[in-house]
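Below you'll find the structure, written out as structure tokens, and then a few comments.
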Ligand SMILES: [Zn+2]
């Protein structure tokens, strides 16, 4: 019978153990160790190819990754690198970190931005924002299309029972969450209102009501000035970017500047002026787009009567958290006489109207 190497080894160890009592205690661990190595070598010999592949992969990995180890980068190289960086680095002075309270930054008016910088290049419909169209001029130049005297303007009487339609062009909701649908601008039926200073644009379908409102105000002794009725996207972008730049020049980061600019002016594609349904209205004695307009006769007259002609004060006071726009007593939006009456009677915003009635 053939005796295996393992058995021979075991016998030899046992023999040594019998001869010497002391060695007997040592022989057990030696035997165990011997058996372990024996089996390990046997196993490795049986799987040789597999282990060669593993070892090669491991070596390759070590060699490859070692290229990025600092010890492999020569000293000359590192010194050179450091010198080229340090020359420039010396000139860089890190800005001090300043805590800016965004709530306290003074908001900029459209005019301030325009005065501060170069003139915004005129686009097809974008007009000088500083241009104001006098009510008397508008009425004089548009005699032929003024509504008849029998035009009644007392708001809608049956607005409570009116079936509002979410697809009604007059009710379109545009704000920071709802931007102007793609292709809308191309579809706006732009109408012209001739004035002494040139042609004013807005949605053709609101012109009759607008003229009626201007005339009614004039009859009540209130003179209105219409400013920037329609602005196209290009113009709106220019205006917005200019505000961002202005704030960045005061030391704010882009994100901070963007945040403030979007509080003072609607972000491009979220402006109702792009719809042709919104107008900024001031008066002879108060031509700034500022809160103080609310206290003028014109501001009061518009707040009280504009709904009769389908217009609403779009960004009321104390509703900033809903509209996301500061109080703008000069910005009026056409929604049609039924919705305007309801919104004004209930003292709600267009956002709330959408929530409750559409
Ligand atoms: Zn406006």
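Quick note: the coordinates plus some simple rules give every number you see, no bench work behind them. Just so it is clear, the structure is predicted and the values come from calculations on it, not from any experiment. When we count neighbours, we look across all protein chains shown, and the Cβ atoms used for this are built from the backbone with ideal geometry, even at glycine.
Return a whole-number percent for the relative contact order of the range 172-244, with Cα pairs under 8 Å and 6 or more residues apart as the contact set. Display every interim value, and only then the final one.
Details: 38 pairs, mean separation 14.3, N = 73.
RCO, the range 172-244: 20 percent.
Here the label points at residue 16 and residue 205, each 7 Å from Cα along the C-beta direction, are separated by 10.5 nm in the simple model. If you take the Cα centroid of the range 188-202 and the Cα centroid of the range 1-35, the two points sit 111 Å apart.
Going from the residue with the fewest nearby Cβ atoms within 10 Å to the one with the most, 45, 145 rank 45, 145.
For the range 108-357, take N as its residue count and report Rg(C-alpha) divided by 2.2 N^0.38 Å. Walk me through the numbers before you get to the answer.
Details: Rg = 17.5 Å, N = 250, 2.2 N^0.38 = 17.9 Å.
Expressed relative to 2.2 N^0.38 Å, the Cα Rg reads 0.98.
In terms of surrounding Cβ atoms within a 10 Å radius of their Cβ, 59, 308 rank from fewest to most as 59, 308.
Compute the distance in nm between two label points, each set 7 Å from the Cα along the Cα-to-Cβ direction, one at residue 31 and one at residue 54. Placing both labels 7 Å along Cα→Cβ, they lie 3.0 nm apart. Given their separation in residues at 0.36 nm each and the Cα-Cα distance between them, residue 317 and residue 136 gain 62.2 nm when the chain is fully extended. At an R0 of 51 angstrom, the distance between the Cβ atoms of residue 186 and residue 47 translates into a FRET efficiency of 0.10.
Between the beta carbons of residue 23 and residue 65, assuming R0 = 51 Å, the FRET efficiency works out to 0.55 to the nearest 0.05.
Would the range 226-358 count as rounded, prolate or oblate if I go by the C-alpha gyration tensor, calling it rounded below 1.5 in a/c and otherwise prolate when a/b exceeds b/c, oblate otherwise? List each step's numbers first, then the result.
Working: a/c = 1.87, a/b = 1.54, b/c = 1.21.
Judged from the Cα gyration tensor, the range 226-358 comes out prolate (a/c at least 1.5, a/b above b/c).
Based on the reciprocal of the average 1/r between different C-alpha atoms, the Kirkwood radius for the range 1-51 equals 12.3 Å. When 136, 253 are sorted by how many other C-beta atoms sit within 10 angstrom of their C-beta, beginning with the fewest, the order is 253, 136. Once C-alpha pairs closer than 8 Å and six or more residues apart are averaged by separation and normalised to the residue number of the range 108-357, the relative contact order reads 24 percent.
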